[in-house]
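*Asks:* The following block contains the structure, expressed as structure tokens.
The values are calculated or read from the model by the stated rules, or taken from the named source; none is laboratory data. These numbers come from a predicted model, not from an experiment. Neighbour counts are summed over all protein chains in view; Cβ atoms, including those assigned to glycine, are modelled from backbone coordinates with ideal geometry. Heavy atoms of the whole protein, side chains included, go into the accessibility calculation; ligands, DNA and RNA do not. Shrake-Rupley method; radii C 1.70, N 1.55, O 1.52, S 1.80 Å.
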Amino acid sequence: GDSVTQMEGPVTLSEEAFLTINCTYTATGYPSLFWYVQYPGEGLQLLLKATKADDKGSNKGFEATYRKETTSFHLEKGSVQVSDSAVYFCALTPNYGGSQGNLIFGKGTKLSVKP
Amino acid sequence: GAGVSQSPSNKVTEKGKDVELRCDPISGHTALYWYRQSLGQGLEFLIYFQGNSAPDKSGLPSDRFSAERTGGSVSTLTIQRTQQEDSAVYLCASSSDRGQGAGMNTEAFFGQGTRLTVV
């Protein structure tokens, strides 16, 4: 079945460091890809998305590019801030059959940014 | 309402008891999802509603789990004869449509969850 694999955490960085969180997926066809973020004490929020190959999603300085050839959707940010400390989830929705729209999540990566 | 609301926020129950978890989706959202977030297991899909019907129940882990939705709005997830392995955070999400292919808006909005502890 469809699945998402993301790098294990936790990840600890200093402020202004470069961030990469790896995410790869297994899916039939052309899924839509997402990054969700869960800040401490808050619910999951959509961070960015990409719905077709080579699309780049971006928001709040974060970026991820849909790479079908490597089945990847790595999350990057050039300069992290303390306020970026959160748990990040990579996810996909299949685009076929009855599973369309169901989010399939990776296990999450906890990011801690130190001042 | 302004967002997805779930209640209670925390629930501690004794093994063997039944529990009901409630979700109030964003007004007007036709699609509603239940997920479970367990330590070390990530987020697991449980069930999906479109309106009041549940065309996809494939994620419910056992027949002790059931859910209903009334009036195309509020949903209740019921766990009967709770077990310790049911301990988790149960998340509800709603969206304005269910994705039907690339380009459709499939953004789901999540509630803050109900933390269930079975002792």
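*Asks:* Hull surface divided by four, with the convex hull built on the Cα atoms of region B:3-62: how many nm²?
*Replies:* Numbers: hull surface 20.9 nm².
Computed as one quarter of the Cα hull surface, the answer is 5.2 nm².
*Asks:* Applying the Karplus parametrisation 6.51 cos²θ - 1.76 cosθ + 1.60 with θ = phi - 60° to the phi angles of region A:9-22, what ³J(HN,Hα) value in whole Hz is obtained for each residue in order, glycine and proline being reported as x?
*Replies:* Using θ = phi - 60°, the values come out as x, x, 10, 10, 10, 7, 3, 6, 6, 8, 10, 9, 10, 7 Hz.
*Asks:* May I pose another question? Extent of the protein assembly as shown along each principal axis, from alpha carbon coordinates, in Å, largest to smallest?
*Replies:* 48, 39, 33
*Asks:* Same structure, new question: Any idea what Rg and Dmax come out to for chain B if you just take the C-alpha atoms, in Å?
*Replies:* Rg then Dmax for chain B, in Å: 13.8, 45.
*Asks:* So, one more: Tell me, what HN-Hα J-couplings in whole Hz come from the Karplus equation 6.51 cos²θ - 1.76 cosθ + 1.60 at θ = phi - 60° for each residue of region A:29-39, using x for Gly and Pro?
*Replies:* x, 10, x, 8, 10, 9, 10, 10, 10, 10, 6
*Asks:* Continuing with this model, one more query. Can you give the local net charge around B:GLY59? Use residues other than it whose beta-carbon is closer than 10 angstrom to its beta-carbon, Lys and Arg +1, Asp and Glu -1.
*Replies:* On the way: positive: B:ARG36, B:LYS57; negative: B:GLU44, B:ASP56.
Around B:GLY59, the surrounding residues sum to 0.
*Asks:* May I pose another question? Placing +1 on the Cβ of each Lys and Arg and -1 on the Cβ of each Asp and Glu in chain B, which of B:TYR35, B:PRO25, B:GLN83 has its Cα farthest towards the positive end of the resulting dipole?
*Replies:* Toward the positive end, the furthest listed residue is B:GLN83.
*Asks:* With all protein chains present, how much of the accessible area of the protein assembly as shown (probe radius 1.4 Å) comes from carbon and sulfur, to the nearest whole percent? Can you show the working numbers first?
*Replies:* Numbers: 4900 of 10660 Å².
C and S fraction of accessible area: 46 percent.
*Asks:* Turning to a different aspect of this structure: Check A:LEU47: other-chain or 5+ apart residues with amide H under 5 Å from its amide H, H built from backbone geometry?
*Replies:* The answer is A:TRP35, A:TYR36, A:VAL37.
*Asks:* What whole-number value in cubic angstrom gives the convex hull volume per residue for the C-alpha atoms of region A:1-49? Write down the numbers at each step before the final one.
*Replies:* Values: hull volume 5.8 nm³, N = 49.
Convex hull volume per residue, Cα atoms: 117 Å³.
*Asks:* Can you tell me the accessible area per residue over chain B, all protein chains present, probe 1.4 angstrom, in square angstrom? Walk me through the numbers before you get to the answer.
*Replies:* Values: 5540 Å² over 119 residues.
Spelled out: the 1.4 Å probe surface of chain B, per residue, equals 47 Å².
*Asks:* At a probe radius of 1.4 Å, figure out the B/A buried accessible area, summed over both chains, and give it in Å² to the nearest 100. Don't jump to the answer; show the numbers that get you there.
*Replies:* Numbers: alone 6430 and 6030 Å², together 10660 Å².
It comes to approximately 1800 Å² buried between B and A.
*Asks:* Using only the alpha-carbon atoms of chain A, report the extent along each of the three principal axes, biggest first, to the nearest angstrom.
*Replies:* Rounded to whole Å, the extents work out to 46, 28, 22 Å.
*Asks:* Given contacts defined as C-alpha pairs under 8 Å and at least six residues apart, what's the relative contact order of chain B, whole-number percent? List each step's numbers first, then the result.
*Replies:* On the way: 297 pairs, mean separation 42.5, N = 119.
About 36 percent, as a whole number.
*Asks:* Let me spell out the model: positive unit charges on the Cβ of Lys and Arg, negative unit charges on the Cβ of Asp and Glu, origin at the Cα centre of the protein assembly as shown. What dipole size does that give, in debye rounded to 20?
*Replies:* Working: 21 positive and 23 negative charges, 45 e Å.
Result for the protein assembly as shown is approximately 220 debye, rounded to the nearest 20.
*Asks:* Can you give the relative contact order of chain A as a percent, counting alpha carbon pairs under 8 Å and 6+ residues apart?
*Replies:* Details: 305 pairs, mean separation 41.7, N = 115.
It comes to 36 percent, rounded to a whole number.
*Asks:* Just add up the charged neighbours of B:VAL74: K/R +1, D/E -1, any other residue whose Cβ is under 12 Å from the Cβ of B:VAL74. Don't skip to the end; give the middle numbers.
*Replies:* Numbers: positive: B:ARG22, B:ARG69; negative: B:GLU20, B:ASP24, B:GLU68.
Spelling it out: positives minus negatives among the neighbours equals -1.
*Asks:* Also: So, in nm, how far is label A:SER3 from label B:THR78 when the simple model puts each one 7 Å beyond its Cα toward the Cβ?
*Replies:* Between A:SER3 and B:THR78, the simple spin-label model gives 3.5 nm.
*Asks:* Tell me, what ³J(HN,Hα) does each residue in region B:43-52 have, in order and in whole Hz, if you take phi through Karplus 6.51 cos²θ - 1.76 cosθ + 1.60 with θ = phi - 60° and put x for Gly and Pro?
*Replies:* 9, 10, 5, 10, 7, 10, 10, 10, x, 8
*Asks:* Taking H as built 1.01 Å from N, whose amide H comes closer than 5 Å to the amide H of B:ASN52, not counting residues under 5 places away?
*Replies:* Excluding prolines and chain starts, which carry no amide H, the hits are B:GLY72.
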